[in-house]
Amino acid sequence: MPVKVMFAQLASCWGCHQSLLDLHETLIDVLPQLEIVFWHTVADYKLHDVEKLPDGSVDVGFTEGFCRNEEDLHLLKLTRQKCKLLVSYGTCSTYGSIPSLLNLYSIDEALSRKFKEAESVVDGRIPDKYVPKMLEYVKPNREYVKYDLFLPGCPPEPPLIAEAITSLLRGEMPKLKERTLCDECPRIKSEVIVLKKVKRDFEGIPEPEKCLLEQGYICMGPATREGCGAVCPSAGFPCKGCMGPGPNVMDQGAKMLSALASLVDYESVSPEELVKTVKDVIGTFSRFTLPSSIIPKSVFKKK
Amino acid sequence: MAGDFEPKILGIFCNWCSYAGADMAGTSRMQYPPNVRIVRVLCSGRVDPQFVLKAFELGADGVLVAGCHPGDCHYVKGNYRAERRIALLKEMLKQLGIEPERLMLRWISASEGAELVKTTEEFVNMLKELGPSPLRKTS
């Protein structure tokens with residue numbers, strides 16, 4: 001009997017679903033075993049298609065994206081209700097990811113920037129009819145509903161998805177790897193790292209085989225969970241931390257901030273210089289995890 | 001009311017200098033504001049940014065990190081690390097809408113009991129002017 005699955009898209013960019021399609025031939029083995037009951041990203045399903053399903057009738061549900069408005073929240077709660085097993089699919093759903101950096105601003109500021117102040121807008125107004133109400137700020141989905149499995153990654157890499165889906169089909173619970181990205185990164189690392197200079201990503205051309213952090217680039221490897229196969233560092237681009245923090249870490253950004261500060265050579269890099277190079281501290285260190293950090297949002301000044 | 005606001009301060013002091021400095025202030029019977037709750041760590045380099053963020057999240061009005069003077073660290077480089085961490089953390093707090101002045105880093109040696117008294121007094125007065133932390137839970 002095929003396994004019933006549903007895919008719910010909340011506020012997100014569709015990239016995770018695209019990554020699912022990147023499974024290519026693996027899909028041929030997997031698809032016949034699945035019965036898709038809802039996937040409004042790729043076919044014309046409506047919300048009432050989910051609403052009329054009996055509770056707990058779907059075997060596995062995948063959620064992509066976070067809750068930005070009340071409709072997202074409704075769909076998320078509905079998905080939890082209808083599914084026996086709920087999988088958080090992608091970093092948006094698991095930690096909040098890049099769009100949630102909007103937590104640094106109030107929703108009013110954001111709406112007015114988008115609909116009134118953007119350079120291309122003439123006589124803008126904020127839409128208020130026929131649109132769902134925006135939520136004040138982004139919370140990680142797990143604070144709304146209970147999840148059974150998290151598959152982080154922006155997007156999750158196809159091998160990770162394939163492994164998760166095939167083990168779910170076998171009736172086993174997939175396990176996330178527990179080490180940090182550096183453990184699976186193929187770059188050559190020395191025992192002790194001392195940074196004489198911290199570089200921004202665009203400065204110079206990185207050496208092809210040496211650890212990027214050792215070369216002075218801010219690579220989030222030490223504070224990031226492994227599982228993506230170190231695709232970015234292998235291609236010469238520093239890790240940005242999309243897999244989220246490793247086990248037992250509360251705040252990925254704080255951990256990486258701490259790591260970087262202890263790696264710099266105190267005689268060559270002054271604190272002021274370090275701050276100047278990093279520039280956007282939250283955007284650099286908590287890029288993917290702001291809503292699940294210790295302080296998840298900016299404190300908006302009351303006027 | 002601004003008048004009767006008493007800031008809650010978390011002090012994270014290094015074992016070898018600042019904590020001994022606080023001891024010095026105590027044994028010399030120097031008076032200093034009771035607003036600061038001191039936690040001892042082995043080195044200011046042990047202060048994980050998560051400690052500081054957690055303190056603010058729980059409603060601390062200020063965090064005072066104190067360690068040995070540059071060059072005096074028992075573990076050679078711990079205080080330099082702390083210095084860089086605090087600098088980055090202040091930026092992080094700024095982005096989160098918390099006044100960076102609420103986080104203070106000071107070098108206080110074992111003999112500087114008087115310096116500790118002065119620092120806490122200054123910090124308490126500054127926080128009284130700033131008012132309660134925006135994250136403070138109103139009771």
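The values are calculated or read from the model by the stated rules, or taken from the named source; none is laboratory data. Keep in mind that this is a model prediction, so the values were computed, not measured. For neighbour counting, all protein chains shown are included, and Cβ atoms are generated from backbone atoms with ideal geometry for every residue, glycine included.
Descriptive notes on the structure:
- Region A:53-69: number of residues that are under 15 Å from A:LYS4 (Cα atoms) and not aromatic (Phe, Trp, Tyr): 10
- Enumeration of residues in region A:128-173 that are without any contact (Cβ under 8 Å) to a residue 24 or more places away in the chain and not in a loop (DSSP other than H, G, I, E, B): A:GLU143, A:GLU163, A:SER167
- Looking only at residues in region A:235-260 that are under 17 Å from B:LYS90 (Cβ atoms) and among the small types (Gly, Ala, Ser), the one that is nearest to the chain's Cα centre (by Cα) is A:GLY253.
- Residue in region A:270-286 that is surrounded by the fewest Cβ atoms within 10 Å (Cβ to Cβ), counting only those that are touching a Leu at 6+ places or on another chain (Cβ under 7 Å) and within 8 Å of another protein chain (Cβ to nearest Cβ): A:VAL275
- Residue count, region A:36-50 (criterion: closer than 24 Å to A:MET1 by Cβ and more than 27 Å from the chain's Cα centre (by Cα)): 1
- Scan region A:183-194 for residues that are touching a Ser or Thr at 6+ places or on another chain (Cβ under 9 Å) and either crowded, with 20+ Cβ neighbours inside 10 Å or acidic (Asp, Glu) (or both) and the total you get is 2.
- Qualifying helices (runs of 4 or more DSSP H) (wholly inside region B:10-111; at least 1 residues being modelled with pLDDT of 95 or more and either within 19 Å of B:GLU122 (Cα to Cα) or away from chain A (no Cβ under 11 Å) (or both)): B:18-27, B:78-95
- Some residue of region A:101-123 being assigned by TED's automatic domain parsing to the domain that holds A:LEU47, more than 23 Å from A:PRO245 (Cβ to Cβ) and either in contact with a Lys or Arg (Cβ under 9 Å, 6 or more places away or on another chain) or among the basic types (Lys, Arg) (or both): no
- Among residues of region A:256-269 being over 17 Å from A:ARG225 (Cα atoms) and surrounded by fewer than 24 Cβ atoms within 10 Å (Cβ to Cβ), the one that is farthest from the other protein chains (Cβ to nearest Cβ) is A:SER268.
- Neighbours by Cβ (under 8 Å, 6+ apart or cross-chain): first from region A:32-56, part of a strand (DSSP E or B); second of a type in the set (Gly, Ala, Ser) and modelled with pLDDT of 90 or more: A:PHE38/A:ALA8
- Exactly one residue among A:GLY204, A:GLY253, A:GLY236, A:GLY241 is in contact with a helix residue (DSSP H, G or I) (Cβ under 8 Å, 6 or more places away or on another chain) and either farther than 21 Å from B:GLY78 by Cα or surrounded by fewer than 21 Cβ atoms within 10 Å (Cβ to Cβ) (or both), and that residue is A:GLY241.
- One residue from A:LEU10, A:LEU23, A:LEU86 being in contact with a Pro (Cβ under 9 Å, 6 or more places away or on another chain) and touching a residue at least 24 places away in the same chain (Cβ under 8 Å): A:LEU23
- Filtering A:VAL131, A:VAL138, A:VAL145, A:VAL121 for residues that are of a type in the set (Val, Ile, Thr) and touching a strand residue (DSSP E or B) at 6+ places or on another chain (Cβ under 6 Å) leaves a single hit, A:VAL138.
- Scanning region A:90-127 for residues that are among the hydrophobic types (A, V, I, L, M, F, W, C) and either in a loop (DSSP other than H, G, I, E, B) or without any contact (Cβ under 8 Å) to a residue 12 or more places away in the chain (or both) gives A:ALA110, A:ALA118, A:VAL121, A:VAL122, A:ILE126.
- Residue check, A:SER268 within 30 Å of A:PRO158 (Cβ to Cβ), among the polar types (S, T, N, Q) and in contact (Cβ under 8 Å) with a residue 24 or more places away in the chain: no
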